[in-house]
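Quick one: the structure is below, questions incoming.
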């Protein structure tokens, strides 16, 4: 297993990592990724502001979560309901980078969500 991801998904993750390696080796990507990783340090301190914005604005919210997510607590997807009472929450067959292993399933969820009105 790779983390908690079942063996059947591992070949897809390996293929995606190979694709990602090629992408990340393009000119300028080192700087872009360094900036992105450096910016992560502000995430936790910004959570209260983002949560306040969601409580105030009550946006339509689609939460898609990989059931093999190992970087965050498994209760996270449902925690969005504290700030936005009616989010659309889906757990897909994937890990932290769920698009790598569940792209078709995720696309099938996004399409209808984008067509609905508040």
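The values are calculated or read from the model by the stated rules, or taken from the named source; none is laboratory data. Remember, predicted model here, so these are calculated numbers, not experimental data. All Cβ positions, even for glycine, are placed from backbone atoms using ideal geometry, and neighbour counts span all protein chains on display.
Search the stretch 25-54 for residues that are part of a helix (DSSP H, G or I) and pair each with any residue that is surrounded by 10 or more Cβ atoms within 10 Å (Cβ to Cβ) and modelled with pLDDT of 90 or more when their beta-carbon atoms are under 6 Å apart and the residues are at least 6 apart or on different chains.
Correct list of pairs: 51/83; 54/83; 54/84.
Just give me the residues in the stretch 89-112 being surrounded by 14 or more Cβ atoms within 10 Å (Cβ to Cβ) and part of a helix (DSSP H, G or I), in sequence order.
98, 99, 100, 101, 102, 103, 105, 106, 109
Does at least one position in the stretch 52-72 carry a residue that is at pLDDT below 90, within 28 Å of residue 20 (Cβ to Cβ), in contact with a helix residue (DSSP H, G or I) (Cβ under 9 Å, 6 or more places away or on another chain) and surrounded by fewer than 15 Cβ atoms within 10 Å (Cβ to Cβ)?
Checked the stretch 52-72: no residue is at pLDDT below 90, within 28 Å of residue 20 (Cβ to Cβ), in contact with a helix residue (DSSP H, G or I) (Cβ under 9 Å, 6 or more places away or on another chain) and surrounded by fewer than 15 Cβ atoms within 10 Å (Cβ to Cβ).
Which condition number does residue 86 fail, the rest of (1) in a loop (DSSP other than H, G, I, E, B); (2) at pLDDT 90 or above; (3) surrounded by 13 or more Cβ atoms within 10 Å (Cβ to Cβ) being met?
(3)
List the residue pairs whose Cβ atoms are under 7 Å apart, where the first residue sits in the stretch 75-96 and is without any contact (Cβ under 8 Å) to a residue 12 or more places away in the chain, the second is surrounded by 13 or more Cβ atoms within 10 Å (Cβ to Cβ) and assigned to a loop (DSSP other than H, G, I, E, B), and the two are 6 or more positions apart or on different chains.
81/87
Would you pick out the residues in the stretch 19-29 that are surrounded by 10 or more Cβ atoms within 10 Å (Cβ to Cβ) and modelled with pLDDT under 85?
Scanning the stretch 19-29 gives 19, 20, 24.
To continue, here is another question. Any chance you could count how many residues in the stretch 83-105 are under 25 Å from residue 47 (Cα atoms) and touching a helix residue (DSSP H, G or I) at 6+ places or on another chain (Cβ under 8 Å)?
The total comes to 13.
Please tell me if residue 97 is more than 24 Å from residue 115 (Cα to Cα), modelled with pLDDT under 85 and over 18 Å from the mean Cα position of the chain (by Cα).
No: the conditions fail for residue 97.
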